[in-house]
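Okay, so here's the structure we're looking at.
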Amino acid sequence: MGKESTKIRFQDEHIQIFSALSFDANPLHLDPDYSRAPCGKPVVFGMAATLSALSHWSEGKAFSLGMIRRVFLKPIFLIEYEWQAQEKRSGRKCLSGKGRSVYIVDFYYARK
């Protein structure tokens, strides 16, 4: 599963919708003044990035997920990124922005 590469852009609207649906009002993601000190600007929810990667990996097909492993290398901001397939067996996806990797996620099928 999974295409080789797809460009995406997290937008403020996505952050607001994810916050409302998840009942997560963490100011690190929503308040520019609060997030300025630790990160410089609001950060995308990690789970929102994971769900985006899962959608890219599965291409809308049914699957049974066994495990997810995530590594955040840098904060994910509201800029254009590119999901890139790293390894087909495990479903590794790497989110890159401005030529730098910011997030790596591995998806594994459930054992039958």
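The values are calculated or read from the model by the stated rules, or taken from the named source; none is laboratory data. As the structure is a prediction and not an experimental result, all values here were calculated from the model. Because the Cβ atoms are built from the backbone with ideal geometry, glycine has one as well, and the counts that use them run over all protein chains shown.
Identify all residues within the stretch 17-60 that are among the basic types (Lys, Arg) and free of Cβ contacts under 8 Å to residues at least 12 places away in the same chain; write none if there are none.
Within the stretch 17-60, just 36 meets the criteria.
Yes or no: the stretch 93-109 includes at least one residue that is farther than 19 Å from residue 8 by Cα, free of Cβ contacts under 8 Å to residues at least 12 places away in the same chain and assigned to a loop (DSSP other than H, G, I, E, B).
Looking for residues that are farther than 19 Å from residue 8 by Cα, free of Cβ contacts under 8 Å to residues at least 12 places away in the same chain and assigned to a loop (DSSP other than H, G, I, E, B), one finds none in the stretch 93-109, hence no.
With respect to residue 104, determine if the residue is at pLDDT below 90 and of a type in the set (Val, Ile, Thr).
Against the criterion (at pLDDT below 90 and of a type in the set (Val, Ile, Thr)), residue 104 qualifies.
When only residues in the stretch 29-43 that are among the charged types (D, E, K, R) and either out of contact with any helix residue (DSSP H, G or I) (no Cβ under 8 Å at 6 or more places or on another chain) or at pLDDT 90 or above (or both) count, which is farthest from residue 79 (Cα to Cα)?
33
Can you pull out the residues in the stretch 45-63 that are more than 13 Å from residue 106 (Cα to Cα), at pLDDT 85 or above and either polar (S, T, N, Q) or out of contact with any helix residue (DSSP H, G or I) (no Cβ under 9 Å at 6 or more places or on another chain) (or both)?
Scanning the stretch 45-63 gives a single hit, 46.
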